[in-house]
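Down below is the structure, laid out as C-alpha coordinates.
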Amino acid sequence: MKALLIMISLMTAAVVGFSQHTKDSTQLTEKGQKPKAEYKAGSAIVTVWENKRSDGTTWKNFTVKKIYKKDDKWLSSDSFSETELLELKAVIDKVISEEAVTKKE
(Lines give C-alpha, C1' and ligand atoms only; values in the text may rest on other atoms or scores of the structure.)
Protein backbone atom coordinates (compact mmCIF):
# COMPACT_ATOMS: atom_id res chain seq x y z
CA MET A 1 0.00 0.00 0.00
CA LYS A 2 2.83 2.39 0.89
CA ALA A 3 4.53 1.66 -2.45
CA LEU A 4 1.26 2.41 -4.24
CA LEU A 5 0.93 5.77 -2.49
CA ILE A 6 4.52 6.66 -3.37
CA MET A 7 3.92 5.72 -7.00
CA ILE A 8 0.72 7.80 -7.09
CA SER A 9 2.59 10.74 -5.58
CA LEU A 10 5.32 10.56 -8.16
CA MET A 11 2.81 10.20 -10.97
CA THR A 12 0.83 13.15 -9.64
CA ALA A 13 3.96 15.30 -9.55
CA ALA A 14 4.84 14.29 -13.09
CA VAL A 15 1.34 14.88 -14.43
CA VAL A 16 0.44 18.14 -12.73
CA GLY A 17 3.93 19.58 -12.92
CA PHE A 18 5.33 22.20 -10.64
CA SER A 19 5.47 25.90 -10.94
CA GLN A 20 7.40 28.23 -8.73
CA HIS A 21 6.79 31.93 -8.42
CA THR A 22 9.41 34.16 -6.84
CA LYS A 23 9.17 37.48 -5.03
CA ASP A 24 7.29 39.00 -7.98
CA SER A 25 4.10 37.46 -6.63
CA THR A 26 1.21 39.83 -6.06
CA GLN A 27 0.20 38.27 -2.73
CA LEU A 28 0.98 40.55 0.21
CA THR A 29 0.55 40.38 3.95
CA GLU A 30 -1.15 43.13 5.91
CA LYS A 31 2.32 44.60 6.48
CA GLY A 32 2.96 44.68 2.74
CA GLN A 33 5.41 41.78 2.86
CA LYS A 34 5.75 39.74 -0.33
CA PRO A 35 6.30 35.98 -0.14
CA LYS A 36 9.79 34.62 -0.86
CA ALA A 37 8.33 32.02 -3.22
CA GLU A 38 5.19 30.08 -4.13
CA TYR A 39 5.12 26.47 -5.26
CA LYS A 40 2.13 24.97 -7.03
CA ALA A 41 1.05 21.48 -8.06
CA GLY A 42 -2.46 21.21 -9.46
CA SER A 43 -4.70 23.27 -7.19
CA ALA A 44 -2.36 23.07 -4.16
CA ILE A 45 -0.14 26.04 -3.34
CA VAL A 46 2.55 26.40 -0.67
CA THR A 47 3.70 29.95 0.01
CA VAL A 48 7.10 30.57 1.61
CA TRP A 49 7.45 33.60 3.88
CA GLU A 50 10.91 34.69 4.97
CA ASN A 51 11.11 36.71 8.17
CA LYS A 52 13.99 38.61 9.75
CA ARG A 53 14.73 39.07 13.44
CA SER A 54 16.25 42.26 14.84
CA ASP A 55 19.62 40.49 15.14
CA GLY A 56 19.60 39.79 11.38
CA THR A 57 18.86 36.06 11.52
CA THR A 58 16.06 34.77 9.34
CA TRP A 59 13.44 32.04 9.53
CA LYS A 60 10.72 30.79 7.20
CA ASN A 61 7.02 30.15 7.63
CA PHE A 62 4.89 28.21 5.16
CA THR A 63 1.20 28.49 4.31
CA VAL A 64 -0.85 26.01 2.30
CA LYS A 65 -4.05 26.54 0.37
CA LYS A 66 -6.11 25.23 -2.50
CA ILE A 67 -7.31 27.50 -5.28
CA TYR A 68 -10.32 26.80 -7.44
CA LYS A 69 -12.71 28.60 -9.75
CA LYS A 70 -16.44 28.74 -9.09
CA ASP A 71 -18.85 30.73 -11.25
CA ASP A 72 -15.98 32.63 -12.92
CA LYS A 73 -14.60 33.67 -9.54
CA TRP A 74 -11.31 32.44 -8.05
CA LEU A 75 -11.62 31.19 -4.47
CA SER A 76 -9.28 29.56 -1.97
CA SER A 77 -9.72 26.95 0.73
CA ASP A 78 -7.70 24.99 3.26
CA SER A 79 -9.74 21.83 2.65
CA PHE A 80 -8.38 19.14 0.28
CA SER A 81 -9.94 16.10 -1.40
CA GLU A 82 -7.99 12.83 -1.56
CA THR A 83 -6.59 13.69 -5.00
CA GLU A 84 -5.79 17.25 -3.96
CA LEU A 85 -4.07 15.88 -0.86
CA LEU A 86 -1.67 13.98 -3.13
CA GLU A 87 -1.01 17.21 -5.03
CA LEU A 88 -0.34 18.94 -1.71
CA LYS A 89 2.08 16.20 -0.69
CA ALA A 90 3.92 16.54 -4.00
CA VAL A 91 4.26 20.30 -3.64
CA ILE A 92 5.33 20.02 0.02
CA ASP A 93 8.05 17.55 -1.00
CA LYS A 94 9.22 20.06 -3.63
CA VAL A 95 9.28 22.89 -1.08
CA ILE A 96 11.26 20.79 1.39
CA SER A 97 13.82 20.06 -1.30
CA GLU A 98 14.04 23.56 -2.84
CA GLU A 99 13.98 25.51 0.43
CA ALA A 100 16.47 23.15 2.13
CA VAL A 101 14.07 22.44 4.99
CA THR A 102 15.75 20.31 7.66
CA LYS A 103 14.81 19.05 11.07
CA LYS A 104 16.37 21.13 13.82
CA GLU A 105 17.26 19.39 17.03
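The values are calculated or read from the model by the stated rules, or taken from the named source; none is laboratory data. Everything quoted here is computed from the prediction, not taken from an experiment. In this analysis, Cβ positions are derived from the backbone assuming ideal geometry, glycine residues included, and neighbour counts consider all displayed protein chains.
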- Query: Would you say Val101 is surrounded by 11 or more Cβ atoms within 10 Å (Cβ to Cβ), aliphatic (A, V, I, L, M) and at pLDDT 95 or above?
  - Reply: no
Reported set for the stretch 84-98 where residues are exposed (fewer than 15 other Cβ atoms within 10 Å of the Cβ), in contact (Cβ under 8 Å) with a residue 60 or more places away in the chain and among the β-branched types (Val, Ile, Thr) is none
Flagged in the stretch 45-80 as more than 20 Å from Thr102 (Cβ to Cβ), out of contact with any Lys or Arg (no Cβ under 8 Å at 6 or more places or on another chain) and either surrounded by 11 or more Cβ atoms within 10 Å (Cβ to Cβ) or touching a residue at least 60 places away in the same chain (Cβ under 8 Å) (or both), in numbering order, are Lys65, Lys66, Ile67, Tyr68
